[in-house]
Structure formats: C-alpha cells, structure tokens
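Structure record follows, encoded as structure tokens.
The values are calculated or read from the model by the stated rules, or taken from the named source; none is laboratory data. On a predicted model such as this, the values are computed, not experimentally measured, just so you know. Here Cβ is always computed from backbone atoms with ideal geometry, including for glycine, and neighbour counts include all displayed protein chains. Protein only, heavy atoms only, side chains kept; ligands, DNA and RNA dropped before computing areas. Shrake-Rupley method; radii C 1.70, N 1.55, O 1.52, S 1.80 Å.
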Amino acid sequence: MQLTELNKLTFAMTLAVAAMGTAQAAPGTQDRVYTADQNSNTVSVIDPSTNQLLGQIRLGNQRPDILSPLYKGQVNVHGLGFSPDHKTLIAISNGSNSVTFIDTATNKVKGVTYIGRSPHEGFFTADGREVWVVVRGEDYVSVIDPVTFKEKRRIQTTGGPGMVMFHPDGKLAFVVSSFNPVVDVIDMKTSKVIKHISVTSPFSPFLQFTPDFKEVWMTHKDVGKVTRIDVATLTVKGVIDTGFITNHLAFGKNAGGARAYVTVGGENVVKVYSTGDQPQLMATIPTGALPHGAWASDDGSKVYVGLENGDGVDVIDTASNKVVAHVAAGQAPQALVYVSHAVPTGAGTSNLVPRVNGESSNIALKSRGDAKGFVVVRSLGVTDALEVFLYKLKPETVYNVYAGGQRAPVGRFKTDGKGMANGTAIGPMRDVRPGLAQQPAGASRILVMEGDTPAGAEQAALASSE
C-alpha cells in the first residue's frame with residue numbers, strides 16, 4: 001500500500017471515530033435545540049448546555065398580524081428538520097406553504113421554497129442531497145434541491161401525508177398519513193411507493209426510528225396510540241395505548257437501555273416505555289401544558305419537550321425521569337429538534353431577536369361527564385387571544401363560549417363528527433386572567449354553553465373552576 005493511500009485510510013478512520021464520539025456526546029455549548037413556534041411565527045433557539053433561550057429567528061409576525069394583503073412573512077411555523085452535516089435547519093410553515101432554509105451557524109435565512117397546500121414536516125435524505133417535505137393538504141411529497149431551493153419533482157403518496165423519515169441505509173423512506181390509516185413505504189431508488197401498511201387510525205403526525213433502526217414508531221393523535229412497525233418485514237409489530245392527544249416521541253437512554261418518551265398532550269405528561277419485544281410503561285412524567293414536540297440529545301441523557309400551550313420547553317433527565325429545567329420559547333411550539341454542533345465556533349447568537357412573546361395562561365375546562373377541554377390566554381399587546389380546545393362534546397353541535405361574566409359570547413364553535421372543536425377568539429380578555437394586565441380582574445370563569453342556552457354554570461357543558 002502506498003503512503004498516500006495509507007494516509008487517506010488513516011484520515012478516514014479518524015473521521016469515523018470522531019463522528020462516533022460526537023454522536024454520543026453530552027449536550028454542549030455548540031449544540032442547539034430549536035422549536036417551531038406556530039403562533040408567533042418564530043424559531044426559538046436554545047443552548048442545551050445552559051438551558052437558556054438565546055433568542056428567536058423571526059420568520060413572520062405574531063398572530064393575528066398576518067392578515068394584510070401585503071403581508072409577506074411566514075404563517076404557522078410548524079415543522080422542523082436538519083441536514084446530516086447539521087449546517088442547515090429547515091422550517092416548514094403550513095399556512096404560507098413554505099420551506100425556509102436557515103444557516104445554523106449564523107441563524108440567517110438562506111432561501112425559501114414555496115410548495116403545495118399545507119406542508120407539515122420535512123427532512124433531508126441520508127446523503128443530504130435532497131429535502132423531502134410532505135404536502136399534507138394534498139397527496140404528495142415535494143422533493144427540493146437544498147442548494148438551489150427549487151422543487152425537483154413530486155412523489156405521489158396516499159392523501160394527507162403527515163411526515164417522512166429515511167432509513168440510514170438510503171434504501172427506504174416511510175411516510176405516515178394524517179387522513180388515512182396507512183403508512184406508505186417508498187423505494188428511494190425509484191421514488192415509488194412499494195407498500196402500503198395498514199395501521200390503527202387515520203391521524204398520524206409523527207414517526208421515528210428506534211436507535212437500532214429495526215423499528216418505526218408512529219403516533220396516532222386521534223386515538224391516543226403508538227404503532228410499532230418492523231423495518232425488516234414491513235409489518236405492524238404491535239400497538240401501544242398511550243393516552244389522550246398523543247403527539248410526538250423521542251428515544252432516550254438510561255441504565256435500563258433505550259427508552260421511548262411519548263408526549264401525551266391531553267394529560268400533560270410524557271410516558272416512558274421500554275423498547276423490547278413487549279414494551280412496558282416504565283414512568284409517567286408530569287410536564288407543562290400540552291407537551292407536543294420531543295427530541296433527545298445525542299447521548300440520550302436528556303429529552304427536550306415543547307409545550308404547545310406552555311410556550312416553553314421542559315428538559316427531562318433520562319436517568320431520573322424527571323423534569324430538571326424549563327426554558328421559555330415562542331408561542332405554541334410544535335416540532336422540536338436537537339442539533340449537535342450546529343454552531344462550529346463563537347456564541348452563535350447573530351441574527352437572533354429577543355423573545356417576541358410573553359407568558360401564556362392555561363385554564364382547564366371540566367364537565368360532569370366525559371367532555372373536557374381547555375383554553376389558553378395570550379396577550380397580543382392591546383388585545384388578547386383566547387384559544388379554545390373542546391373534546392368529547394355532542395357531534396356536529398354549536399357551542400358558545402362565555403368569559404369573565406360577559407353577556408355576549410366571545411366565541412362560537414361547531415364540533416366535528418367526533419365532538420371536537422378548536423378555534424381562537426380575539427378581543428379584550430384581561431378580565432379572564434389578571435396576569436395579562438395591571439388592571440384589577442373581574443370574574444374569571446369560562447363557560448361553554450350548548451346552542452343558544454343562556455350562560456349559567458348549572459347548564460354549562462364545560463366550565464372552568466370558580
């Protein structure tokens with residue numbers, strides 16, 4: 001063997017060893033945690049070594065300041081992904097149908113690609129040469145060149161694709177659906193769906209590989225379950241009942257081995273499961289309001305959980321299975337990713353703005369039966385937003401929401417076929433939550449009334465505590 005060839009081999013082995021060491025490194029100052037903040041249209045940037053918010057990447061205006069015919073910013077910053085070299089972050093905005101490419105070292109937008117209706121999540125292929133983004137409002141995956149920021153082609157899928165992830169061997173991609181009970185398996189070489197795997201329900205927003213890449217775990221938000229798929233046989237291996245509003249999951253690690261951390265938004269907990277042939281519930285960890293996105297540090301020692309209604313991130317220590325820190329973030333964080341060595345040198349704070357939003361307030365709604373709900377109150381400056389989430393009410397029925405003893409309802413919502421409704425009311429809500437303003441608070445009760453029934457606690461379908 002010639003000396004030059006030996007040097008090349010030694011160099012390659014050195015890089016391989018360095019890469020393996022990096023993959024198992026504990027959270028460091030060069031690493032970043034990012035959240036996609038749907039209501040403030042920001043990406044929050046967190047230093048996991050200090051659990052501090054460094055600032056935000058502003059991609060658009062806060063709701064509701066997005067309705068002008070001249071508005072050019074992003075709307076509903078929702079999904080996140082990153083390149084294999086960790087130099088590029090992508091943020092998917094489902095309201096403005098866009099994919100924003102961000103340089104992780106400088107926090108600067110490199111380019112924006114506009115695609116089809118309501119894209120949800122996206123990720124780089126294993127070789128980093130393409131970005132695949134699911135277009136949930138239609139029926140395809142948009143394939144984008146990350147250098148030119150141009151759409152190259154489209155891959156037909158089952159309607160409503162929810163997320164795509166790639167096996168590291170570069171052979172298969174897995175696409176879950178948010179509208180149909182199926183997983184599409186795509187051959188990377190031909191860009192064709194080679195198998196449809198039937199699953200337990202039609203609404204899946206998220207999937208992730210186990211650390212050994214032998215299984216795909218996918219969440220079912222509508223029925224509160226997780227499905228496990230065997231990668232070798234492309235068959236369902238099992239289904240786990242996880243809980244009301246099961247959102248995302250991440251794989252951490254402790255003395256017992258690999259563990260799945262599942263965010264259960266309707267219970268404000270993260271549930272921890274073993275990852276063997278028969279997964280068992282190992283722990284239930286209380287969190288802030290409506291845990292949604294989740295991602296683990298490279299060494300699996302920490303799991304970071306975005307709080308959709310808490311406007312922040314809870315940090316879980318996987319050795320103790322306890323929340324050990326809370327970090328402020330943008331409004332309504334959805335996707336969350338952990339990117340190691342995102343900042344090669346320096347502080348990595350250029351092009352960040354201070355947090356654009358304040359804290360939110362959460363109010364639980366209860367009933368005498370199975371119905372449940374909650375509202376989130378957020379200050380918008382001179383006015384406020386009241387986000388309403390209603391569940392297990394009568395299907396296809398109109399409900400009025402009354403706040404603070406007001407005679408007129410602040411919002412009117414119609415449930416879907418499953419008795420669910422969600423929406424936002426804009427107006428002066430300071431009487432509902434005194435923390436939103438310095439003025440004295442009035443009555444603070446929220447009542448949900450069926451139809452035109454006059455507001456009253458005795459007839460309320462749902463009510464907050466007095």
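Some points to look at:
- Meets criteria (under 28 Å from Asn422 (Cβ atoms) and either out of contact with any Phe, Trp or Tyr (no Cβ under 8 Å at 6 or more places or on another chain) or in the same structural domain as Leu380 (by the TED database) (or both)) for Gly330: yes
- Within the stretch 378-410, being assigned to a strand (DSSP E or B) and at pLDDT below 90 holds for Arg378, Ser379, Asp384, Ala385, Leu386, Ala403.
- Filter result (touching a strand residue (DSSP E or B) at 6+ places or on another chain (Cβ under 7 Å), assigned to a loop (DSSP other than H, G, I, E, B) and farther than 17 Å from Gly276 by Cα) within the stretch 219-236: Lys221, Gly224, Leu234
- Leu307 vs. criteria buried (at least 24 other Cβ atoms within 10 Å of the Cβ) and in the same structural domain as Val236 (by the TED database): yes
- Considering Glu130, Glu121, Glu151, the condition of being under 25 Å from Asn180 (Cβ atoms) and either in contact with a Cys (Cβ under 8 Å, 6 or more places away or on another chain) or in contact (Cβ under 8 Å) with a residue 60 or more places away in the chain (or both) is satisfied by Glu121 alone.
- Scanning the stretch 150-173 for residues that are out of contact with any Phe, Trp or Tyr (no Cβ under 8 Å at 6 or more places or on another chain) and in a strand (DSSP E or B) yields Lys150, Glu151, Lys152, Arg153.
- For the stretch 83-93, filtering for residues that are touching a strand residue (DSSP E or B) at 6+ places or on another chain (Cβ under 8 Å) and surrounded by fewer than 23 Cβ atoms within 10 Å (Cβ to Cβ) leaves 5.
- Pairs where the first residue, in the stretch 378-399, is over 13 Å from Asn39 (Cβ atoms) and the second is of a type in the set (A, V, I, L, M, F, W, C) and not in a strand (DSSP E or B), C-beta under 7 Å, 6+ apart: Leu390/Met420; Tyr391/Ala371; Tyr391/Met420; Lys392/Ala371; Leu393/Ala371; Leu393/Ala461; Tyr399/Leu393; Tyr399/Ala461
- Positions within the stretch 235-257 being under 21 Å from Tyr304 (Cβ atoms) and open to solvent by 30 Å² or more (accessible area, probe 1.4 Å), in sequence order: Lys253, Asn254, Ala255, Gly256
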